[in-house]
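Okay, structure first, notes after.
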Amino acid sequence: MTFDELQADKEGLAQLLKHHVVPSEIMVADASASAVESLAGEDLSLGKDSGALLVDGVMVSAADMESGNGVVHTVGAVLELPLTLNIVELATAGGFTHLLSAVDESGLRPVLEATEPHTVFAPTDEAFESAVAALGEDDLAGVLARADLPEILEYHVVSGYLLAGSVVNNTFASVQGTNLTFDAAMMMGGAAVTRANLMATNGVMHVVNQVLLPPSLADVLAADEEFGSFLSAIAAANLTEMFGWTKKGGAMHTVFAPTNAAFQALIDGDDSIADMEALLAMPNLAE
């Protein structure tokens, strides 16, 4: 986490700073190997090395700077808070209610509770509510009941730890199988990371302001000009919705997609079809 990100996270910064304060006066001469509780509610481990005081293994370089209401000891490193929550517990504590419902509906909870590290791009509740219309559903219950929900959720997960510095200007394979690509502003298309580096015992969460959608069948076909005739036929047959994300209920399909050359061969081999325009006008094209 960068210093700017730390400053932006006021609650996290306050908790980190409290972890450097103990609610009693401890002089080096009086200290012994023990655990003391910081104002953050977590233990700090005290020890001695040749008379010098160690705090969580960090040596005190200047000690016993007394004041009227306490004492200051200089340390050469920031004392980090121990991680206690896994990704699911972190999402629960952060109030990601809709994400957790989607995780349960998609069967992803065991993955995010396991010890193997993962990076999760976590949509806010507002992001899920906005996704209702984008997915052609009537309400959030419709989103959670979609057949393709596991694919959508897995698109938000990458194996391993990816901190913010590794995300910018980079591309990663999601657990779903297709790639996530972020720019220098930590944006992917219209989706932005609004809070980064929420650390868990088994990974890291980055908050995003949109539900991320992997490339649809329509996107994959449109990316290759060899499928231009097939896409035109899909549109003429009023089947476009089936290949995108707005089909209510979602669905998984396998498509055997004819190339432009295959359509031309069909036209050339059938005297009843004058050209591509005639083919697209056929009443039984959808079949």
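The local environment of T259, defined by Cβ-Cβ distances under 13 Å, has a net charge of -3 under the rule Lys, Arg +1 and Asp, Glu -1. The mean accessible area for residues of the chain, using a 1.4 Å probe and ignoring ligands and nucleic acids, is 53 Å² per residue.
Residues whose amide H lies under 5 Å from that of N179, counting only those 5 or more places away or on a different chain, are S174; hydrogens are built 1.01 Å from N in the peptide plane.
If only the Cβ of Lys and Arg carry +1 and only the Cβ of Asp and Glu carry -1, the dipole of the stretch 67-172 around its Cα centre is close to 520 debye.
Using the Cβ-Cβ distance between N284 and D224 with R0 set to 41 Å, the FRET efficiency from 1/(1 + (r/R0)^6) comes to roughly 0.95.
Computing the accessible area with a 1.4 Å probe over protein heavy atoms, can you report the carbon and sulfur percentage for the chain? Write out the running numbers ahead of the final one.
Values: 8230 of 15260 Å².
C and S fraction of accessible area: 54 percent.
Using the Cβ of G70 as centre and a radius below 12 Å, the other residues enclosed give a net charge of -3, where K and R count +1 and D and E count -1.
As a calculated quantity, the FRET efficiency between D64 and S166 at R0 = 35 Å, using C-beta atoms, amounts to about 0.30.
Whole angstrom only: what separates the Cα centroid of the stretch 233-258 from the Cα centroid of the stretch 63-136? Each part's Cα centre sits 37 Å from the other's.
Based on the Cβ-Cβ distance of V132 and M27, what FRET efficiency does E = 1/(1 + (r/R0)^6) give at R0 = 41 Å, to the nearest 0.05? Can you show the working numbers first?
Working: r = 60 Å, r/R0 = 1.47.
According to the calculation, E is roughly 0.10.
In order along the stretch 114-124, the phi-based Karplus estimate (6.51 cos²θ - 1.76 cosθ + 1.60, θ = phi - 60°) of 3J(HN,Hα) comes to 6, 7, 5, x, 9, 10, 10, 8, 9, x, 6 Hz; Gly and Pro are listed as x.
Using a probe of 1.4 Å, the accessible surface attributed to E116 totals some 100 Å² when neighbouring protein chains are kept in position.
For the options V167, V75, V204, a Gaussian network treatment of the chain with springs between C-alpha atoms closer than 10 Å singles out V75 as fluctuating the most.
The values are calculated or read from the model by the stated rules, or taken from the named source; none is laboratory data. Quantities reported herein were computed from a predicted structural model and do not represent experimental measurements. FYI the Cβ positions are ideal-geometry reconstructions off the backbone, even for glycines, and counts take in every protein chain you see. We work out accessible area using only protein heavy atoms, side chains counted, and drop any ligands, DNA or RNA first. Shrake-Rupley method; radii C 1.70, N 1.55, O 1.52, S 1.80 Å.
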